[in-house]
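> Would you mind keeping the following structure in view while I ask a few things?
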Amino acid sequence: MTPKHASDLQLATRVAEGDESAATEMFQALAGEMFGFARKMVGDEATAEDVLQDAMIGVLRAAGKYDGRISLRAYAFSILRNKVTDVFRKRGREILVSSADPERDSFLASGHWENSKFQPFNEQAELLGIVQRCMEALPIHQREALELRAIEGLSSQEAAEVLGVSSDNLRQILHRGRASVRKCADAKYEGAA
């Protein structure tokens with residue numbers, strides 16, 4: 001057991017014993033990343049908040065079962081992943097479209113744009129949008145793998161543990177996902193130009 005896993009185990013043990021400050025510490029350490037992953041996977045903030053709440057309740061309830069063999073982060077993401085899967089099962093196979101406004105952060109409360117220079121075409125934003133649409137079109141296991149590794153920053157070992165696959169299998173899933181995104185983005189970007 002690594003020192004990090006030992007400290008994770010101590011925190012989980014305190015949570016299981018009913019230590020409210022430990023539960024708050026755990027929530028603060030995990031909730032931000034977990035919410036980001038949930039929002040990217042389910043496509044909207046309201047559903048992501050519900051999924052995060054269900055997952056954090058699951059993490060808190062399962063704290064006594066945590067044994068320190070994997071990081072607490074990977075353990076929590078495994079529970080979150082199951083909650084996201086539940087949402088997809090309830091929805092069926094409907095196509096998800098994000099309702100997020102990509103320019104929301106550029107508009108100031110004063111009613112003006114943060115960047116006053118008018119850009120009729122923002123190539124970087126266009127490419128990012130294309131990549132996001134290509135990611136959303138991936139099979140769920142490839143999308144999850146890419147989100148966990150590239151966006152959420154989990155190590156290969158942690159991502160493999162969350163997804164319940166071997167490291168070799170994860171590398172293959174990531175390779176196929178990256179290749180699919182690259183092929184899709186190339187095709188869409190050429191069409192947009």
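Read-outs: derived from the displayed coordinates by stated rules, not from any lab. In this text, all values refer to a predicted model and were calculated from it rather than measured experimentally.
> What is the gain in length, in nm to one decimal, between residue 28 and residue 125 on full extension, counting 0.36 nm per residue of separation less the C-alpha to C-alpha distance?
31.8 nm
> What's the extension gain from residue 169 to residue 50 if we count 0.36 nm per residue and subtract their Cα-Cα distance?
Extending this stretch completely gives an extra 39.8 nm.
> Right, another one. Could you name the lysines in cross-link range of residue 65, using Cα to Cα under 19 Å and dropping any fewer than eight places away on the same chain?
Result set, ordered by chain and number: 4, 83.
> Counting only C-alpha contacts under 8 Å and six or more residues apart, can you give the relative contact order of segment 13-63 as a whole percent?
43
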